[in-house]
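Below: one structure, written as C-alpha coordinates.
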Amino acid sequence: MASAITRSAMWAGLSAHLVHVTSKFLRSAADYLRFRAVCRSWRSALPLSRCHLPPQLPILLVLSAFEDWITFRLAADSAGHCCRTGISACISCLGSSTGWLILFHEDSKEVSLFNPYTAEAIPLPQSYPSP
(Lines give C-alpha, C1' and ligand atoms only; values in the text may rest on other atoms or scores of the structure.)
Protein backbone atom coordinates (compact mmCIF):
# COMPACT_ATOMS: atom_id res chain seq x y z
CA MET A 1 0.00 0.00 0.00
CA ALA A 2 1.37 3.40 -0.98
CA SER A 3 2.12 5.87 1.78
CA ALA A 4 0.08 9.06 2.13
CA ILE A 5 3.00 11.12 0.83
CA THR A 6 3.33 8.93 -2.27
CA ARG A 7 -0.43 9.12 -2.94
CA SER A 8 -0.50 12.91 -2.62
CA ALA A 9 2.52 13.17 -4.92
CA MET A 10 0.61 11.07 -7.48
CA TRP A 11 -2.35 13.49 -7.38
CA ALA A 12 -0.02 16.47 -7.67
CA GLY A 13 1.48 14.91 -10.80
CA LEU A 14 -1.84 14.96 -12.67
CA SER A 15 -1.56 17.12 -15.79
CA ALA A 16 -2.91 20.67 -15.57
CA HIS A 17 -5.07 20.00 -18.64
CA LEU A 18 -6.74 16.99 -17.01
CA VAL A 19 -7.34 18.93 -13.77
CA HIS A 20 -8.91 21.78 -15.76
CA VAL A 21 -11.15 19.44 -17.79
CA THR A 22 -12.24 17.56 -14.65
CA SER A 23 -13.13 20.82 -12.88
CA LYS A 24 -15.77 21.48 -15.56
CA PHE A 25 -17.87 18.71 -13.98
CA LEU A 26 -18.04 20.46 -10.59
CA ARG A 27 -21.46 21.95 -9.86
CA SER A 28 -21.10 23.74 -6.53
CA ALA A 29 -18.81 26.45 -5.23
CA ALA A 30 -18.00 24.24 -2.22
CA ASP A 31 -16.80 21.43 -4.49
CA TYR A 32 -14.76 23.91 -6.53
CA LEU A 33 -13.13 25.19 -3.35
CA ARG A 34 -12.31 21.66 -2.17
CA PHE A 35 -10.98 20.71 -5.62
CA ARG A 36 -8.59 23.69 -5.58
CA ALA A 37 -7.44 22.72 -2.07
CA VAL A 38 -6.11 19.29 -3.10
CA CYS A 39 -2.61 20.60 -3.82
CA ARG A 40 -0.67 23.59 -5.14
CA SER A 41 -0.49 22.30 -8.70
CA TRP A 42 -4.29 21.85 -8.87
CA ARG A 43 -4.85 25.33 -7.43
CA SER A 44 -2.55 26.87 -10.04
CA ALA A 45 -4.17 24.84 -12.86
CA LEU A 46 -7.67 26.13 -12.13
CA PRO A 47 -8.84 29.61 -13.04
CA LEU A 48 -9.80 31.98 -10.24
CA SER A 49 -13.11 32.53 -12.00
CA ARG A 50 -15.90 30.04 -11.34
CA CYS A 51 -17.95 31.24 -14.32
CA HIS A 52 -18.82 27.69 -15.46
CA LEU A 53 -20.71 26.99 -12.23
CA PRO A 54 -24.49 27.40 -12.17
CA PRO A 55 -25.84 30.33 -10.12
CA GLN A 56 -25.22 29.77 -6.41
CA LEU A 57 -27.26 30.72 -3.37
CA PRO A 58 -25.87 33.63 -1.32
CA ILE A 59 -23.03 33.11 1.12
CA LEU A 60 -23.74 33.32 4.85
CA LEU A 61 -20.87 35.09 6.63
CA VAL A 62 -20.04 34.39 10.27
CA LEU A 63 -17.29 36.43 11.92
CA SER A 64 -15.27 34.43 14.42
CA ALA A 65 -13.80 35.43 17.76
CA PHE A 66 -10.47 35.91 16.00
CA GLU A 67 -10.16 39.36 14.52
CA ASP A 68 -9.05 38.34 11.03
CA TRP A 69 -10.92 35.09 10.47
CA ILE A 70 -14.21 34.68 8.72
CA THR A 71 -16.29 31.56 8.20
CA PHE A 72 -18.49 31.43 5.16
CA ARG A 73 -21.22 28.89 4.73
CA LEU A 74 -22.74 27.85 1.47
CA ALA A 75 -26.42 26.93 1.58
CA ALA A 76 -25.74 23.41 0.29
CA ASP A 77 -22.83 22.88 2.66
CA SER A 78 -23.49 23.30 6.38
CA ALA A 79 -19.88 22.60 7.38
CA GLY A 80 -18.56 26.02 6.39
CA HIS A 81 -15.08 27.05 5.36
CA CYS A 82 -12.61 29.22 7.26
CA CYS A 83 -10.61 31.84 5.47
CA ARG A 84 -8.00 34.29 6.77
CA THR A 85 -9.21 37.59 5.36
CA GLY A 86 -7.91 40.58 7.27
CA ILE A 87 -11.56 41.47 7.93
CA SER A 88 -11.71 43.10 11.34
CA ALA A 89 -14.28 44.83 13.50
CA CYS A 90 -13.78 48.10 11.60
CA ILE A 91 -14.82 46.54 8.27
CA SER A 92 -18.46 46.09 7.30
CA CYS A 93 -19.84 43.86 4.57
CA LEU A 94 -22.28 45.91 2.49
CA GLY A 95 -23.41 43.07 0.25
CA SER A 96 -22.28 40.54 -2.30
CA SER A 97 -22.53 39.79 -5.99
CA THR A 98 -21.39 36.74 -7.98
CA GLY A 99 -19.25 35.51 -5.10
CA TRP A 100 -17.59 38.86 -4.33
CA LEU A 101 -18.15 40.68 -1.02
CA ILE A 102 -18.44 44.47 -1.01
CA LEU A 103 -16.53 45.72 2.04
CA PHE A 104 -16.50 49.16 3.66
CA HIS A 105 -13.39 50.03 5.71
CA GLU A 106 -14.73 52.36 8.38
CA ASP A 107 -11.33 53.66 9.48
CA SER A 108 -10.10 54.67 6.00
CA LYS A 109 -13.56 55.15 4.41
CA GLU A 110 -12.48 52.93 1.51
CA VAL A 111 -14.64 50.41 -0.34
CA SER A 112 -13.20 47.19 -1.74
CA LEU A 113 -14.24 43.89 -3.27
CA PHE A 114 -13.17 40.63 -1.64
CA ASN A 115 -13.47 37.10 -2.99
CA PRO A 116 -13.59 34.64 -0.05
CA TYR A 117 -12.81 31.69 -2.35
CA THR A 118 -9.57 33.08 -3.71
CA ALA A 119 -8.73 35.65 -0.97
CA GLU A 120 -8.33 38.22 -3.76
CA ALA A 121 -9.02 41.82 -2.74
CA ILE A 122 -9.64 44.70 -5.14
CA PRO A 123 -9.66 48.25 -3.75
CA LEU A 124 -12.18 50.49 -5.51
CA PRO A 125 -11.17 53.99 -6.63
CA GLN A 126 -11.44 56.79 -4.08
CA SER A 127 -14.05 58.47 -6.28
CA TYR A 128 -16.40 55.55 -5.56
CA PRO A 129 -19.25 56.91 -3.39
CA SER A 130 -19.04 55.98 0.29
CA PRO A 131 -22.10 54.47 1.97
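Screening SER44 with (1) modelled with pLDDT of 80 or more; (2) surrounded by fewer than 15 Cβ atoms within 10 Å (Cβ to Cβ); (3) not in a helix (DSSP H, G or I) gives one miss only, at (3). Exactly one residue out of ARG50, ARG36, ARG27, ARG73 is surrounded by 12 or more Cβ atoms within 10 Å (Cβ to Cβ), outside the structural domain of THR98 (by TED's automatic domain parsing), at pLDDT below 70 and not aliphatic (A, V, I, L, M): that is ARG50.
The values are calculated or read from the model by the stated rules, or taken from the named source; none is laboratory data. None of these values were measured; they are calculated from a predicted model. Every residue, glycine as well, gets a Cβ built from its backbone with ideal geometry; the counts of neighbours run over all protein chains shown.
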